[in-house]
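Novice: Got a structure here, written out as C-alpha cells. Questions coming.
The values are calculated or read from the model by the stated rules, or taken from the named source; none is laboratory data. Note that the structure is a prediction, hence the values are computed from the model and not measured. Every residue, glycine as well, gets a Cβ built from its backbone with ideal geometry; the counts of neighbours run over all protein chains shown.
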Amino acid sequence: MDNIYNLTLTDLENYFVGQNEKKYKGQQVFDWLYRKRVVSFDEMTNLKKEVIDSLKKEFTMRTLSITKVERDIDVNKYLFALSDHEKVEAVLMDHLYGNSLCISTQVGCNMGCKFCESGRLKKVRNLETHEMIEQILLVEEECGKRISHVVVMGIGEPFDNYDNLIKFIEIINHPKGIELGSRHITVSTCGVVPKIKEFMNLPYQVNLAVSLHAPNNEIRNQIMPINKVYPIEILMTTLKEYIKKTNRRVTFEYILLDGINDTSECAIELANLVKEMNCYINLIPYNETNNISYKRTKPLNISKFYDILKKNRINVTIRREYGSKISAACGQLRSKKED
Ligand code: SAH
C-alpha cells in the first residue's frame with residue numbers, strides 16, 4: 001500500500017483520472033492534506049463516501065509519531081518513531097527570520113564521516129518521501145507554529161536518497177500545498193558529485209550547502225571517506241559549474257576540529273580554494289560527542305581562523321549554536337537511544 005503523502009499533486013490527479021473520477025479531486029485531496037491538514041480520510045468531507053473508501057483501501061496516511069521532545073530556549077529537538085519502529089530526529093530552530101526545521105532523510109548514514117554520530121550507526125534504510133513530509137506536519141502540530149524554512153541536514157545523506165528527496169521538495173514547494181519557497185529550502189550534501197550535477201538541472205531554486213570540512217585531499221580523506229571517491233578538485237569543478245548554471249551561491253560548511261583542520265595554514269588554503277567563487281563559509285564549532293574523540297577548536301583559534309578568511313575577503317560566518325545541551329548535533333539523540 002502506498003502512502004498518500006508520497007504523491008505529488010500531479011500523481012493525485014492521475015490517480016483520480018485512472019479511477020474514472022474528475023481530475024480536480026486530486027486538488028481537493030491535496031488541499032485537505034496540506035492546507036486543512038486533516039489526519040484521516042473521513043475528514044475529507046467534500047468527497048463521496050465511495051471515493052473516501054477507495055482512498056482508504058489504496059493508501060495509508062500518518063505513520064510517524066513523536067516519541068520524545070527536548071526543549072531549550074531557542075530550539076526543540078524531536079525524536080520520531082517510524083512505522084517499523086526505527087528512529088529519526090528533527091530539530092526546530094527559532095531564528096529572527098522565522099522557524100527553521102532540520103529534517104532527516106535516512107535511518108543512519110553510510111557516508112562514514114569520522115566526526116559524525118549519524119555515520120557511526122550505519123544506514124538501515126532510506127526514508128520515504130512521506131516520512132520526510134510527516135516530520136514537518138507533526139512538528140507544526142506539536143509546536144503550533146508555522147515552519148518557514150526547511151534544512152535537509154539531519155540524519156542521512158540526502159543525495160544518497162535522491163529520488164525521494166526531489167519528490168519531497170516538489171510537494172513542500174507546491175504553491176497549492178505547504179508552499180515553502182524554494183529559497184527557504186536548503187539541501188546539505190557531503191559531496192556526492194553526480195547528484196550535484198543532476199540537482200543543478202532541476203527547475204527549483206533550492207539552496208545547496210556542501211560539507212567541506214577540509215581545505216585539501218590529505219585532511220579530507222582522513223575525515224570524510226566520500227573524498228576518496230570524489231576528491232576536492234572534482235567537487236570544486238562541479239560546484240563552479242553549479243554556480244554558473246544556477247547563478248546561485250553555494251554554502252560551505254566547515255566544522256572546526258581541534259588540531260585537525262583548524263590551523264592558520266588550513267585557513268589560508270581554504271581561502272585560496274574558494275577564492276572568486278560565489279559562496280560563503282559557515283564555520284561550525286564541533287559538537288563533541290561521547291563516542292568520538294575529536295575535540296572542538298578553542299574559541300581563540302576559531303576567531304583566528306575566521307579573521308584569516310575575512311582578511312582574504314571570504315564571506316564567512318560562525319554558526320550560532322543551538323541545543324548543544326540537548327544533543328542537537330546530527331544523530332546524537334537517536335544514538336543515545338541506541339546505546
Ligand atoms: N549528509 C549531509 C547532511 C547531514 S549532516 C552532509 O554531510 O552535509 C549535516 C551537517 O552536520 C554536516 O555538515 C555534518 O558534517 C555536520 N555534523 C555532523 N556531526 C557534527 C557534530 N558533531 N558537530 C557539528 N556538526 C556536525
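Novice: Within the stretch 65-93, track down each residue that is closer than 24 Å to ARG320 by Cβ, of a type in the set (D, E, K, R) and assigned to a loop (DSSP other than H, G, I, E, B).
Specialist: Passing the criteria: ASP72, ASP74.
Novice: If you don't mind, there's one more thing I want to ask. With respect to THR10, is the statement that it is outside any helix (DSSP H, G or I), β-branched (Val, Ile, Thr) and either in contact with a strand residue (DSSP E or B) (Cβ under 6 Å, 6 or more places away or on another chain) or within 30 Å of LYS145 (Cβ to Cβ) (or both) true?
Specialist: no
Novice: Let me ask another. Looking at ILE234, ILE226, which one is modelled with pLDDT of 95 or more and touching a helix residue (DSSP H, G or I) at 6+ places or on another chain (Cβ under 8 Å)? Before you say what the answer is, go through the steps one by one.
Specialist: Numbers: ILE226 fails: touching a helix residue (DSSP H, G or I) at 6+ places or on another chain (Cβ under 8 Å).
Result: ILE234 is the single residue among ILE234, ILE226 that is modelled with pLDDT of 95 or more and touching a helix residue (DSSP H, G or I) at 6+ places or on another chain (Cβ under 8 Å).
Novice: Are any of the residues in the stretch 34-41 in a helix (DSSP H, G or I), hydroxyl-bearing (Ser, Thr, Tyr) and exposed (fewer than 14 other Cβ atoms within 10 Å of the Cβ)?
Specialist: For the stretch 34-41, residues in a helix (DSSP H, G or I), hydroxyl-bearing (Ser, Thr, Tyr) and exposed (fewer than 14 other Cβ atoms within 10 Å of the Cβ): absent.
Novice: Do you know which residues across the stretch 145-169 are small (Gly, Ala, Ser) and within 13 Å of the ligand (Cβ to nearest atom)?
Specialist: Looking only at the stretch 145-169, we keep the residues that are small (Gly, Ala, Ser), and these are 148, 154, 156.
Answer for the stretch 145-169, where residues must be small (Gly, Ala, Ser) and within 13 Å of the ligand (Cβ to nearest atom): GLY154, GLY156.
Novice: If I ask for residues that are of a type outside the set (Val, Ile, Thr) and in contact with a Lys or Arg (Cβ under 9 Å, 6 or more places away or on another chain), which ones from the stretch 249-275 would you list? Break it down into steps so the answer makes sense when it comes.
Specialist: First pass over the stretch 249-275, keeping only residues of a type outside the set (Val, Ile, Thr): 249, 252-254, 256-259, 261-262, 264-267, 269-273, 275.
Answer for the stretch 249-275, where residues must be of a type outside the set (Val, Ile, Thr) and in contact with a Lys or Arg (Cβ under 9 Å, 6 or more places away or on another chain): GLU253, LEU256, LEU257, ASP258, GLY259, ASN261, ASP262, SER264, ALA267, ALA271, LYS275.
Novice: With ASN201, ASN217, ASN207 as the choices, which residue is out of contact with any Leu (no Cβ under 9 Å at 6 or more places or on another chain) and exposed (fewer than 13 other Cβ atoms within 10 Å of the Cβ)? Give the derivation first.
Specialist: Numbers: ASN217 fails: exposed (fewer than 13 other Cβ atoms within 10 Å of the Cβ); ASN207 fails: exposed (fewer than 13 other Cβ atoms within 10 Å of the Cβ).
That would be ASN201, the only listed residue that is out of contact with any Leu (no Cβ under 9 Å at 6 or more places or on another chain) and exposed (fewer than 13 other Cβ atoms within 10 Å of the Cβ).
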